[in-house]
Amino acid sequence: MTDMLAEKIVAATGAGMGIGGEVAILCADESKDISGEVLSVRKNEGFLFSKPYPIRGIRRAEGGVPGSTAFDLYPAFSSSFTKLVRSTDVFNWDSV
């Protein structure tokens, strides 16, 4: 069942069999307890990512004027921005 589903996913999306197989496994009954996770597949490797949660917030008591909140966001949030990195900076090894 899982192999047939993997083949259908590969055919429909053009994804590699490794990715299609991983998606098929997630659709199977054996994965019923996996929910809300951020997962990644790279060739024959799998990764679980931490979830992004809110870390800062702002609010305007007087309400917002279109665009005005955006001008407040950058100065308030910029010190908490995550540095943009390439995947090769995070995964600094060749896939196995």
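FYI, it's all coordinate maths here, none of it is from the lab. Quick caveat, the model's predicted, so the values are computed rather than measured. When we count neighbours, we look across all protein chains shown, and the Cβ atoms used for this are built from the backbone with ideal geometry, even at glycine.
If R0 is 25 Å, what FRET efficiency do you get for residue 91 and residue 71 from their C-beta distance, rounded to 0.05?
On the way: r = 36 Å, r/R0 = 1.45.
Computed FRET efficiency for residue 91 and residue 71: 0.10.
Suppose each label sits 7 Å from its Cα in the direction of the beta carbon; what would the residue 29-residue 51 distance come out to in nanometres?
Result: 2.7 nm between the two label points.
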